[in-house]
Amino acid sequence: MEIGSFKISGHSTKREWAVYLFIATPINENGLKKIYVGKVGDNRDGCNPVISRVGNHFSHNKIHSQIRNRIGKTEDYNYEYFYCHFGEYELNQESRIKSRQKTNELERELNRIVQKKIDTNYYELLNPYKGTHVSKSKRIERSELINESEKNLLERLCEKAL
């Protein structure tokens, strides 16, 4: 038997739009580190704090547990979670829809950045964004949802995580 503990920052309990990188490192140091790119606030109604999303990744409910679904034996890994917030969750439905669309594009952009930066000899991206079947006009429309400062923040998030 063992006693375990971990710290939770108050910052991670905010109800705000966010994107994140979840990195799983094999305990035995054999094998690739696994990366999952995700977001919070994609539900029709609601936006859970990033700390809630972390827990759901290990749920035995397959709908929420993308890490468990892709890795299997989760106890064979140690985990790091890197995230950044992009604004408070709005109660106004019209504002919320725009913020959700923006968060979706932030997640796609973060995924693209990760794909460019990772060394596939050391990392495996568990959920690569392919962007197939998206029209050029839709790509342009989506790209206008985020600004350079937000893209720079995503770059810094990647640098910190990788």
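For this structure, a couple of remarks:
- One residue from 8, 63 being more than 15 Å from the chain's Cα centre (by Cα), at pLDDT below 90 and farther than 23 Å from residue 113 by Cα: 63
- A search for C-beta distances below 6 Å between a residue of the range 13-29 that is touching a residue at least 40 places away in the same chain (Cβ under 8 Å) and any residue that is charged (D, E, K, R) and part of a loop (DSSP other than H, G, I, E, B), counting only pairs 6+ apart in sequence or on different chains, returns nothing.
- Selection count, the range 12-25, where residues are open to solvent by 10 Å² or more (accessible area, probe 1.4 Å) and of a type outside the set (S, T, N, Q): 3
- Residue in the range 112-126 that is within 15 Å of the chain's Cα centre (by Cα) and loosely packed, with under 14 Cβ neighbours inside 10 Å present: no
- Flag for residue 83 being in contact with a helix residue (DSSP H, G or I) (Cβ under 7 Å, 6 or more places away or on another chain), open to solvent by 30 Å² or more (accessible area, probe 1.4 Å), more than 24 Å from residue 11 (Cβ to Cβ) and outside any helix (DSSP H, G or I): no
- Taking each residue of the range 64-75 that is surrounded by fewer than 13 Cβ atoms within 10 Å (Cβ to Cβ) and looking for partners that are in a loop (DSSP other than H, G, I, E, B) with beta-carbon atoms closer than 9 Å, six or more apart or interchain, yields 75/27.
- Condition met for residue 130 (open to solvent by 40 Å² or more (accessible area, probe 1.4 Å), in a helix (DSSP H, G or I) and at pLDDT 90 or above): no
- Hey, residue 94 at negative phi, of a type in the set (Asp, Glu) and surrounded by 19 or more Cβ atoms within 10 Å (Cβ to Cβ) or not: no
- Condition check for residue 151: at pLDDT 95 or above, of a type in the set (D, E, K, R) and open to solvent by 80 Å² or more (accessible area, probe 1.4 Å): no
- Within the range 26-58, considering residues that are in a loop (DSSP other than H, G, I, E, B) and touching a strand residue (DSSP E or B) at 6+ places or on another chain (Cβ under 8 Å), the one surrounded by the most Cβ atoms within 10 Å (Cβ to Cβ): 41
- Exactly one residue out of 74, 103 is touching a Phe, Trp or Tyr at 6+ places or on another chain (Cβ under 9 Å) and farther than 14 Å from residue 154 by Cβ, and it is 74.
The values are calculated or read from the model by the stated rules, or taken from the named source; none is laboratory data. All values derive from a computational prediction rather than experimental measurement. Cβ sites come from the backbone with ideal geometry, for glycine too, and all protein chains shown count toward neighbours. The protein model used for the area step is the full one, side chains on, heavy atoms only, and it has no ligands, DNA or RNA in it. Shrake-Rupley method; radii C 1.70, N 1.55, O 1.52, S 1.80 Å.
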